[in-house]
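Visitor: Encoded as structure tokens, here's the structure I'll be asking about.
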Amino acid sequence: MTAPLRLAAAGGADLEGLLGTSGYARAWRDIPLDPLRDKLRWRALFESSFPGARHLDRLSRIACAATECAGLPARAAPADDTTAVVAIGAAGCLDADWHFEASLGSSHGTQAGLFPYTLPSTFLGVLALRYGLTGPTLAYSTPPGGEAPALGEALGLVQEGLAGRVLVCLGDWVGVEAGASAADLGLEASARLVVLLIEPGDALESDLAPVDALLEARDPAGLALQQLRRAHAD
């Protein structure tokens, strides 16, 4: 019999703002910041420093911000535990790809610092290093609406004993500059990314959506965001 899993923490970023189970909730307009055009300024969001954040690509910054909103720094894994990091999305590193390609031959020079981020799994390494996560890292490319099967495989890492828990990054972050490339893939130049920390435990211990409901949803990221906004409204 498979041990039960629960959604222990969550954080999300979309066109409205940032929020999560840490209690953090801010709208972009209150910062102010345009999430599709501006660089995310860490000090404008959190009362903490993040050395090196200014060198990260847009996706890495947003993923770290959503993880911070989930409260992961306060939920460190035990020393004998491992946390896997899994990305599930359709666009992957498209935003970084576009900016790097646009810089080739530019009069301002090639943005060589962006090259490492032209791999869809690079931002998972950023998360692992920042939050001390030592489990496997996996990146799944899925069509819109096809996230649930990949989510099931991510949960299998915990159920099969390959990781003590899993941090799942659901969604994409594509800025307006990469809009045409996104449209070619059937995506919109929009942004939504949700980070879910899933670990062994009874679903009744969590106020968030049950893991089974996430697996059955056509849009698990949307369901998680809905739950977070409802919790903050209450």
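The values are calculated or read from the model by the stated rules, or taken from the named source; none is laboratory data. Computed from a prediction, not measured in an experiment: that's the story for all the values here. In this analysis, Cβ positions are derived from the backbone assuming ideal geometry, glycine residues included, and neighbour counts consider all displayed protein chains.
Visitor: Among the candidates A53, A8, A65, A90, single out the residue that is small (G, A, S) and in contact with a Pro (Cβ under 6 Å, 6 or more places away or on another chain). I'd like the intermediate steps shown before the answer.
Guide: On the way: A53 fails: in contact with a Pro (Cβ under 6 Å, 6 or more places away or on another chain); A8 fails: in contact with a Pro (Cβ under 6 Å, 6 or more places away or on another chain); A65 fails: in contact with a Pro (Cβ under 6 Å, 6 or more places away or on another chain).
Only one candidate qualifies: A90.
Visitor: Here's something else I'd like to know. In the stretch 51-68, which residues are surrounded by 18 or more Cβ atoms within 10 Å (Cβ to Cβ) and part of a loop (DSSP other than H, G, I, E, B)?
Guide: First, pick out the residues of the stretch 51-68 that are surrounded by 18 or more Cβ atoms within 10 Å (Cβ to Cβ): 53, 56-68.
Correct list: L56, D57.
Visitor: Now a separate question. Are any of the residues in the stretch 81-98 at pLDDT below 90, over 13 Å from the mean Cα position of the chain (by Cα), under 21 Å from L45 (Cβ atoms) and not in a loop (DSSP other than H, G, I, E, B)?
Guide: yes
Visitor: Then there is this: Select from the stretch 2-49 the residues that are of a type in the set (F, W, Y) and either within 22 Å of V174 (Cα to Cα) or in a strand (DSSP E or B) (or both) and list them in ascending order. Let's see the steps before the verdict.
Guide: Filtering the stretch 2-49 down to residues of a type in the set (F, W, Y) leaves 24, 28, 42, 46.
Selection gives W28, W42.
Visitor: Is it the case that some residue within the stretch 167-174 is under 18 Å from the mean Cα position of the chain (by Cα), in a helix (DSSP H, G or I) and modelled with pLDDT of 90 or more?
Guide: From the stretch 167-174, those under 18 Å from the mean Cα position of the chain (by Cα) are 167-174; that's our starting set.
Now drop any that are not in a helix (DSSP H, G or I), which leaves none.
Checked against the condition, which is being under 18 Å from the mean Cα position of the chain (by Cα), in a helix (DSSP H, G or I) and modelled with pLDDT of 90 or more, the stretch 167-174 yields no hits at all.
Visitor: Among the residues of the stretch 84-96, is any crowded, with 23+ Cβ neighbours inside 10 Å, acidic (D, E) and touching a helix residue (DSSP H, G or I) at 6+ places or on another chain (Cβ under 7 Å)?
Guide: Yes; the residues of the stretch 84-96 include at least one that is crowded, with 23+ Cβ neighbours inside 10 Å, acidic (D, E) and touching a helix residue (DSSP H, G or I) at 6+ places or on another chain (Cβ under 7 Å).
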